[in-house]
Amino acid sequence: MYAFDYQKAGSVSDALAALKAEDAQPISGGQTLIPTLKARLAAPSALIDLSGIAEMKGIEVAGGMVKIGGAVTHQSVADHAGVKAAIPALAQLAAHIGDPAVRHKGTIGGSVANNDPSACYPSACLGLGATIHSSAGDMAADEFFQGMFATALDAGQIVTGVSFPIPEKAAYMKFVQPASRFALVGVFVSKGAGGVRVAVTGASESGVFRWTAAEDALAGNFSPDSVPPAPAADGMIGDIHGSPEYRAHLVAVMTKRAVKAC
Amino acid sequence: MPKDSGIGASIKRREDVRFLTGAGNYTDDINVAGQTYAYFLRSTVAHGKIVSVDTAAASKMPGVLRIFTGADFEAVGGLPCGWQITSRNGEVMKEPRHPILASGKVRHVGDPIAAVVAKSLAEARDAAEAIGVEIEELPAVVDMRAAISGAAPAVHDEAPDNLCYDWGFVEENREAVDAAIKSAHHVTTLELTNNRLVANPMEPRVAIGDFNRASGDSTLYTTSQNPHVIRLLMGAFVLGIPEHKLRVIAPDVGGGFGTKIFHYAEEAFCTFAAKALNKPVKWTADRSEAFITDAHGRDHVTKIELALDKDGKFLAIRTATLANMGAYLSTFAPSVPTWLHGTLMAGTYTTPLIYCNVKAVFTNTVPVDAYRGAGRPEATFQLERVIDKAAREMGIDPVEIRRRNFIPADAFPYQTPVAVAYDTGDYHATMDKLVEIADFAGFEARRAESAKRGKLRGLGLSSYIEACGIAPSNLVGQLGARAGLYESATVRVNAAGGIVVMTGSHSHGQGHETTFPQVIAEMFGCPEANVEIVHGDTGRGPMGMGTYGSRSIAVGGAAMVRAAEKIIAKAKRIASHLMEAAVEDVEFANGVFSVAGTDKKVDFGSVALAAYVPHNYPLESIEPGLEETAFYDPSNFTYPAGAYAAEVEVDPETGAVTLLAFSAADDFGNVINPMIVTGQVHGGIAQGIGQALLESAVYDANGQLLTGSYMDYAMPRADDLPMYAVDHSCQTPCTHNPLGVKGCGEAGAIGSPPALVNAVLDALNAGGIGVEHIDMPLSPSRVWAAIQSAK
Ligand SMILES: Cc1cc2nc3c(=O)[nH]c(=O)nc-3n(C[C@H](O)[C@H](O)[C@H](O)COP(=O)(O)OP(=O)(O)OC[C@H]3O[C@@H](n4cnc5c(N)ncnc54)[C@H](O)[C@@H]3O)c2cc1C
């Protein structure tokens, strides 16, 4: 690690003010950022800690929506009775992120802002048609995620929360990468007022994406049998854990399983 | 009723109290007054010429005491290799210099170029980043076949073809083996890879060098499995420090698995720099550094051919192996693919003719050396895989084909065609036990149940043997070892009866502090609590060769028994004086000396007291005191053996393998602490499961380690492992050590990988998917790819 200043923000406006300093960076759970700092791969001048901001910590279930504050940990989502009742798939997704230490520190805001191509939450946001609340305003998930590690936010802007419309049914199927246990391929499927949505993480070189061919087929007949054959392997990630072909194949398999689990 | 004390009792591990409550004293817990910190600047390229290393600016940075480069180490020795192999043509192996800090060239990612010593670690690291390094990158060679093709860059000028040695064993059998294979009824051939592994002990390596200006003594604290060996290698071959001026302390060590046997550059560096700077120097590896500096394990590519007659009897075996040495020869690297591997190719079978060829290859990768099992897992894997394939090809049941070829129980001692002679064994007995505990009889019903759920169920087995309790010194000396492999122990009975055993066996998870006292308690008739074990400090014990090759109880325990026998013999003489009886009439049982046929008795404590307060004592014929040392050199290896089975379910849609059950029936001879032995088997199997299903160190073509962290290197976790059925009730005691024990530390890692791979292949083939082999690790993507190519 390189030396940096540290400031625990008390409010969103405090945080935004502090983030104006050159090379200042927000930190939430630190589960992604701390390892990066330890490897000296980042050298922020100051870390602005968002984890204590009260207005980013609540979970509300009301008006057909589940609203989760940006600083809410994965464990809090997994344990929340309201989330479990409204969108069990979301609670289960949170319950299977990393290990207990990761879940008790890592936050939804950090995960969504980081937009790791193998992270779980981005698929839930896209698969449920969530709204991302940020210091730059509210954005539809479809606009927010812009490819691997890229989002609509600029430096100095923060995710303050996420609102998920409560679907009729939903399921998340995660096929883990054997070492990291992030998603080698994860598929979030939902059926609700906004129709059928199928969002895929882990697979594509362009990050989380909606598999529209499956959405169209499932809109007609919501059954595992209507899931189309695997999408093209072109543009899928290939690494030591799986070829593009394997990932493409898993997209179809996990989609079927998610539909079945709905 | 099970015993609650002495040999055979499942006493809980006394060391666990400190380990589990955070009171362990690991090397990194040690901080010496005035300590400074070393940081190594390491090569980020796999192969390159060092054009220049400019330390001028960095040396002036805050806190920096000195920056060392390769030039500082030209006058001292390189890291020595402890085993010399002779090639088929009579030439000795190529043994290029392994400098403490790279000089002239870097040869793998992680090779140290310079080392900064500073007042704090952060300052050392900052300065390291300011060192100006110019490296002219050279093409790297990673693949072994390419390395020896004649068209590859040379890792060392001394070995232009990257060949370290070309070993044949048994060379005199070669033509007979060729002829037998040519004329055999059936020959099964298999090409396979034994995947490269990173040992990953929980505690990374640490070294602290300390120099005492007043006495001129050096002390090294280090994470080692064998501090005496480090003292010998570093003192005599690298730094030229005589043993009486060098103390090596390896306190609590958080796992070794082989990779902490070896003498590493950082140990020599910290010892050297402490003297040069007259300040203690500490280095602690982080996990990323461990991945690119701890010696890796395995990494063999083998072609094996098994010749059989029409009844499935094994006639001959021929193997050709490429063994990766990495960029330099690590301490015992040359012995692993040769004498620890070729000598095991008979397995538990009567195969009369065996020939192995092993070519050891230099590549631009981290050095490869012994890892739990070392050579024996590689031997067992190829053998048990080719046997399974032969069984399938010939339509013989896999249990049956093994039984037809087992060395029968009445054939011991059994001379194999590959030099070693097994003292005892009963392979049918362990197979019978396995068939029972793994419920082979109920398997087809379970398979049918899986099929209903769309899953392919498979059962795989292996029968392993290993040679451990390493090793008879005169034998290994003939085979090229540059060290003796005895063990020593001192047993000190104090005046008030408390007993201290100083052993050269190092405990880093094995539980010696619990099991060694059990042996003494049995012999002296005292509670275990009276016995303290001291190890891991060259300043406190006699010579020691350390812990590896499952040698602690078989060799170190035997030395302790011999020392304890001397104590009993002397105590009998003292007792005979106290009881005024002839020494021949003195009996010793349950801690009491008595005279047969009389009511005369004296307890052990009174004898000890008399030895140290020798008022009524025959000083003219017996020295006072009660302390004895013994050195024990075994006359043979010990040969634990057993049969293992894995039961798996394969998801044909994804290729995912779920391990449902794992059973192990081992013969370890006599067992001192059954619970600890079970734990050793559990741990070994976990590592075998890791190798078979998850772990793999992968380099890209440029020599970059793609699996340099846990994000890509898959370690087994608790939920990857099923409950195990482990049995060691089949016992054919070793005939040549005083306890009748065989080693148990490596068995689990040796026997399990082939059982797992055989199980997956059984699942696929029985499910109508014809796949002959899949290389480890059997990750979902590989299994899926194999299924696709079979379609
Ligand atoms: C061992 C391990 C296993 C894991 N497994 C999984 C898994 O299976 N699935 C999965 O999805 N994730 C996994 N993760 C990642 C985990 O969920 C992280 O917690 C998450 O990705 C980042 O959240 P954080 O709160 O820790 O963010 P931090 O590490 O604090 O920050 C991450 C990045 O986001 C920025 N940032 C943080 N908060 C905000 C905010 N509110 N607004 C804008 N920018 C912000 C930071 O500046 C930084 O660049 C794993 C992590 C680890 C260490």
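The values are calculated or read from the model by the stated rules, or taken from the named source; none is laboratory data. If you're wondering where the values come from, they're calculated on a predicted model, not measured in any experiment. All Cβ positions, glycine included, derive from the backbone under ideal geometry; neighbour counts span all protein chains shown. SASA here: full protein model, heavy atoms, side chains in, ligands and nucleic acids out. Shrake-Rupley method; radii C 1.70, N 1.55, O 1.52, S 1.80 Å.
Backbone phi angles across region B:54-65, fed through the Karplus curve with coefficients 6.51, -1.76 and 1.60 (θ = phi - 60°), yield HN-Hα couplings of 9, 9, 4, 5, 4, 4, 8, 6, x, x, 6, 9 Hz in residue order; Gly and Pro are listed as x. Spread over its residues, the convex hull of the C-alpha atoms of region B:221-341 is 155 Å³ per residue.
Could you state, as a whole-number percent, how many of the C-alpha pairs of region B:354-429 are farther apart than 13 Å? Above the 13 Å cut-off, region B:354-429 has 78 percent of its Cα pairs. In summary, the aspartates and glutamates within cross-link reach of B:Lys60, defined as a Cα separation below 19 angstrom excluding same-chain residues under 8 places away, comprise B:Asp72, B:Glu123, B:Asp126, B:Glu129. Centre-to-centre separation between the Cα atoms of region A:48-119 and those of region B:206-255: 51 Å. With the contact rule set at Cα under 8 Å and sequence spacing of 6 or more, what percent relative contact order holds for region B:486-632? Relative contact order, region B:486-632: 33 percent. Global dimensions of region B:486-632 from alpha-carbon coordinates: Rg and Dmax equal 15.7, 48 Å. Net length available on complete extension from B:Asn474 to B:Asp585 is 36.1 nm, with 0.36 nm assigned per residue and the Cα-Cα distance removed.
Based on the reciprocal of the average 1/r between different C-alpha atoms, the Kirkwood radius for region B:117-175 equals 15.7 Å.
Packing-based ranking of B:741-751, B:474-484, B:381-391 yields B:741-751, B:381-391, B:474-484, ordered from highest to lowest mean Cβ neighbour count within 10 Å.
Computed over every Cα-Cα pair of region B:551-639 and binned at 5 Å starting from 0, the pair-distance distribution P(r) comes out as 3, 14, 22, 19, 14, 11, 8, 6, 2, 0 percent. Positive contributions from Lys and Arg (+1) and negative ones from Asp and Glu (-1), summed over other residues with Cβ under 13 Å from the Cβ of B:Pro377, come out at -1. Phi angles across region B:377-382 convert, under the Karplus curve 6.51 cos²θ - 1.76 cosθ + 1.60 with θ = phi - 60°, into 3J(HN,Hα) values of x, 5, 5, 5, 4, 5 Hz, Gly and Pro given as x. Estimated from helical segments only, the mean residue ellipticity of chain B at 222 nm is -7500 deg cm²/dmol, where each DSSP H run of four or more residues counts as -39500 (n - 2.57).
Working from label points 7 Å from Cα in the Cα-to-Cβ sense, the B:Asp217 to B:Ser606 distance is 4.0 nm. Averaged over the residues of peptide A:244-254, the number of Cβ atoms from other protein chains lying within 10 Å of each residue's Cβ is 3.
Contact residues in region A:157-180 (at least 40 Å² less accessible area with all protein chains than alone, 1.4 Å probe): A:Phe175, A:Pro178, A:Ala179.
Computed over Cα pairs, the Kirkwood radius of region A:5-165 leads via Stokes-Einstein (0.890 mPa s, 25 °C) to a diffusion coefficient of 157 µm² per second. Sorting A:Thr131, B:Thr547 by solvent-accessible area of protein heavy atoms yields A:Thr131, B:Thr547, largest first, with a 1.4 Å probe.
With a Förster radius of 22 Å applied to the C-beta separation of B:Asp143 and B:Arg88, the computed FRET efficiency comes to 0.40. The label-point distance for B:Met675 and B:His185, in a model that sets each label 7 Å from Cα toward Cβ, rounds to 5.1 nm.
For the cross-link pairs A:Lys8/A:Lys105; A:Lys67/A:Lys174; B:Lys12/B:Lys572; B:Lys359/B:Lys791, which exceed 25 Å when the distance is taken from alpha carbon to alpha carbon? From the list (A:Lys8/A:Lys105; A:Lys67/A:Lys174; B:Lys12/B:Lys572; B:Lys359/B:Lys791), the Cα-Cα distance tops 25 Å for B:Lys12/B:Lys572; B:Lys359/B:Lys791. Eigenvalues of the alpha-carbon gyration tensor of region A:169-261, scaled by 5 and square-rooted, set the equivalent ellipsoid semi-axes at 22, 13, 11 angstrom, largest first. Subtracting the Cα-Cα distance of B:Leu20 and B:Met715 from their residue separation scaled by 0.36 nm leaves 248.0 nm. Using a simple spin-label model with pseudo-atoms 7 Å out from Cα toward Cβ, B:Val698 and B:Asp439 lie 3.7 nm apart. Remark: relative contact order (chain B) = 15 percent; criterion is Cα-Cα distance under 8 angstrom and separation of 6 or more residues. Percent relative contact order of region A:169-261, based on C-alpha pairs within less than 8 angstrom and at least six residues apart? Reported relative contact order: 29 percent.
Of the whole protein surface, B:Leu609 contributes about 90 Å² of accessible area at a 1.4 Å probe radius. When Rg and the Kirkwood Rh are both derived from Cα coordinates, the Rg/Rh ratio for region B:421-500 amounts to 1.31. Peptide B:176-185 has a mean of 0 when you count, residue by residue, the C-beta atoms of other protein chains within 10 Å of its C-beta. Cross-link candidates for B:Lys601: which aspartates and glutamates have Cα within less than 20 Å, leaving aside residues fewer than 8 places away along the same chain? Partners found: B:Glu522, B:Glu565, B:Glu580, B:Glu584, B:Asp585, B:Glu587.
With the convex hull drawn over the C-alpha atoms of the protein assembly as shown, the volume per residue is 196 Å³.
What the Kirkwood sum gives for chain B is a hydrodynamic radius of 27.7 Å, with every pair of different alpha carbons counted.
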